[in-house]
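Accompanying notes for the structure given below.
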Amino acid sequence: MHIPDGYLGPKTCAVFYAIMAPLWYAALKKTEKTLEVSQLPVLSLASASVFVIMMLNFPVPGGSSGHIVGGAMVAILLGPWAGLLSMTLVLFLQALLFGDGGITAFGANSFNMAFLMSFSGYFIYAAVSGKDGKRFFAAAFIAAYVSVCVAAFATAVELGLQPVLEADAMGMPLYAPYPLKVTLIAMMTPHVLFFAPMEGLATALIVAYILKAGGRVHVNAEGAALKRRMLVFLAVLVVMVPLGLLASETPFGEWGGEELKNLIGYVPRGFARLENVWKALLPDYGFSGMGETFGYVVSALIGSAVVVSAIYLWGRLWKR
Amino acid sequence: MEEMKLPEWMGEAKAVKYLDGIDVRQGFMEKNLLTLARFARGFVFQSNNAAGRGLLQSVDPSARIVGIGVLIVACVFARSAGEIMFAAAISLMLAVFSRVNMLMLLKRILPAFLLTLTVFSPVFFGFFSGGSELMGFDVFSARVALTFEGVRLGAMLVSRVIVITSFMAILFLSTAESDIFKGLSRLPVPGFFTTALFMTFRYLFVLLKIVEDAGLSRKSRVINPAKLKDTQGWFAFSVGFMVERAFRFSGDLTSAMVSRGFTGRLKVSKGVPFAIADYAWLGFSFFVFFIMARA
């Protein structure tokens with residue numbers, strides 16, 4: 001389920017970083033409130049546990065095996081926000097140290113495995129386990145099962161939309177080349193039939209062991225009604241996000257004057273003036289009177305000089 | 001006092017002949033645990049040229065991370081085979097001038113190469129692009145053939161992934177783990193995140209050792225490989241046990257940190273300012289990025 005670098009185009013990567021940034025911020029703030037001074041060790045050790053769990057193979061009938069993701073498990077134990085952070089740490093380390101999952105696809109992987117798995121797993125567990133928490137085994141199984149399927153579905157949609165979103169002038173795909181109907185079948189079939197039951201069983205067994213050993217889980221049974229409502233919200237979100245990606249028009253906020261006129265009926269005066277200034281400076285990344293390639297090189301040199309100057313200034317201010 | 005020496009056979013991992021000559025095979029769980037633990041340690045702590053003299057080693061770790069990150073993003077923007085070859089050439093030059101061990105580099109790239117080649121293999125046969133046939137064969141009544149367009153598209157997709165993986169591998173092989181975390185802490189990443197990341201990395205191997213020891217203690221008491229249900233139960237036990245130990249650890253760790261004055265607020269060292277070499281490296285990375293991202 002870890003999407004490597006080079007499978008998703010820049011637009012998709014940017015969208016998922018933009019989606020995850022406020023979620024990471026909110027998770028940091030929420031976790032600070034709930035875990036207080038112990039937040040750092042608890043989160044670090046929970047993340048290390050999930051990392052190790054991901055490395056262990058769970059045996060299944062037929063002599064085969066597979067590793068579990070642990071997103072639902074960590075959310076059940078720590079809560080959804082801490083689960084999100086914990087999974088984010090694990091995914092980052094995996095991408096950095098083991099090359100498991102990409103750096104550019106880190107936003108998308110975090111969305112699938114840290115956000116969707118933690119939240120869907122947590123709220124399903126809260127809804128199914130009941131007020132007294134007696135149905136914990138079934139709840140953990142269903143929560144983990146559904147959370148894996150949700151994450152696999154999101155991954156399939158992200159990969160399957162690439163040929164639509166990112167193709168060259170000839171219509172050839174530039175990144176993951178398979179259409180949605182192929183990615184959905186390829187991702188969902190093994191996950192629904194094999195990996196999700198395995199994740200469900202392993203999670204249920206682990207939660208059962210922890211509860212029997214006197215441990216406790218995060219879910220507060222009294223808030224179950226609220227959590228059910230949030231579950232509906234989450235389901236709506238899961239449906240809406242892939243639809244947003246289908247838009248193949250100009251990205252939000254990158255409209256030209258003509259497009260803006262079509263959208264809102266007029267072009268604001270300030271916008272028109274600024275648009276012309278920018279074009280006069282670097283029209284299409286080039287300069288009038290220069291060859292196209294040379295123009296690109298000069299534009300790139302200017303661009304990199306501007307960025308390095310900005311970093312230098314930031315370094316000076318940071319030092320102070 | 002004379003140093004005690006263990007007989008050689010005790011150090012051999014596979015002294016597994018039972019009395020009647022039947023192989024006592026390692027159980028499924030034990031075998032996986034040992035293999036994975038060995039792989040993880042070998043992968044992370046393999047000797048590299050992090051401390052040596054080379055191009056990347058002369059750059060500040062945070063500038064190194066940013067520069068490699070920018071080159072990776074540039075590769076994602078590449079839209080033609082020529083641009084990807086350009087990035088591949090940069091990656092090769094970086095590896096050579098940073099004196100990275102080429103065998104280790106290949107070892108790190110190989111899994112990504114094999115995975116991507118497998119995943120994208122239908123692309124080479126023109127299932128999604130069509131095109132003119134290069135060579136093929138008949139399977140029953142269907143024709144399976146490599147097509148020119150398919151091979152071109154497949155090669156581009158696979159090579160992009162390989163080049164990106166090679167940049168990551170070069171970063172890791174030319175930078176010590178501690179420098180990677182130090183470098184990250186100087187970037188505009190929340191201090192909480194980088195500290196938690198470092199602690200996760202440290203305790204990962206402690207927890208791995210706990211599970212490994214649990215596996216070893218079980219192996220020493222059980223001769224025959226266990227049944228499926230038992231191994232599943234043991235998996236749950238060892239993971240549950242590890243999680244429990246982890247939470248207990250975290251309590252002890254919090255007490256230790258609080259006793260040393262930790263109040264929940266982190267102070268991150270700002271390090272030394274960038275040198276000219278760092279700015280030159282960043283300038284080069286962004287130059288490549290702007291060249292590649294022009295489309």
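Quick notes on this one:
- Segments B:279-290, B:104-115, A:44-55, A:153-164 sorted - mean Cβ within 10 Å per residue, highest first: A:44-55, A:153-164, B:279-290, B:104-115
- Full-stretch length increase - B:Leu92, B:Leu187 - with 0.36 nm per residue and alpha-carbon distance subtracted: 31.6 nm
- Size descriptors for the range B:152-261 (Cα atoms only): Rg and Dmax, in that order, 20.6, 62 Å.
- When the residues A:Val150, B:Val123 are ordered by accessible surface, computed with a 1.4 Å probe over the protein chains alone, the sequence from largest down reads A:Val150, B:Val123.
- Normalised by residue number, the volume inside the convex hull of the Cα atoms of the range A:97-185 is 114 Å³ per residue.
- R0 of 35 Å, Cβ-Cβ distance A:Ile185-B:Lys229: FRET efficiency to nearest 0.05: 0.65
- Note on B:69-79: average number of Cβ atoms from other chains within 10 Å of each residue's Cβ is 4.
- Counts of other chain beta carbons within 10 angstrom of each beta carbon in peptide B:117-124 average 2.
- Cβ-derived FRET efficiency at R0 30 Å, A:Lys30 paired with A:Ala208, nearest 0.05: 0.65
- Summed side-chain charge close to B:Leu56 - residues other than B:Leu56 whose Cβ falls under 14 Å, Lys, Arg +1, Asp, Glu -1: 0
- Extension gain (nm, one decimal) between B:Asn101 and B:Leu117, 0.36 nm per residue minus Cα-Cα: 3.4 nm
- Protection-proxy order for peptides B:202-211, B:182-191, each taking the mean of Cβ atoms within 10 Å per residue, highest first: B:202-211, B:182-191
- Per-residue mean of foreign Cβ neighbours for B:186-197 is 4 (Cβ atoms of other chains, 10 Å radius).
- Of the solvent-accessible surface of the range B:59-122, computed with a 1.4 Å probe over protein heavy atoms with every protein chain present, carbon and sulfur atoms account for 80 percent.
- Ranked by the mean number of other Cβ atoms within 10 Å per residue, highest first, peptides B:132-144, A:12-24 order as A:12-24, B:132-144.
- Additional length obtainable on full extension of the chain from B:Ala145 to B:Leu216, 0.36 nm per residue less Cα span: 20.5 nm
- Interface size, chains A and B: roughly 7600 Å² of accessible area buried, both sides included, 1.4 Å probe, rounded to the nearest 100.
- Members of A:Lys181/B:Lys229; A:Lys134/B:Lys229; A:Lys212/B:Lys209; A:Lys29/B:Lys229; B:Lys182/B:Lys209 lying beyond 31 Å, as alpha-carbon distances in this model show: A:Lys181/B:Lys229; A:Lys29/B:Lys229
The values are calculated or read from the model by the stated rules, or taken from the named source; none is laboratory data. Treat the numbers as computed from the prediction; the structure is a model and nothing was measured. Note that each Cβ is placed from the backbone with ideal geometry, even for glycine, and that neighbours are counted across all protein chains shown. The protein model used for the area step is the full one, side chains on, heavy atoms only, and it has no ligands, DNA or RNA in it. Shrake-Rupley method; radii C 1.70, N 1.55, O 1.52, S 1.80 Å.
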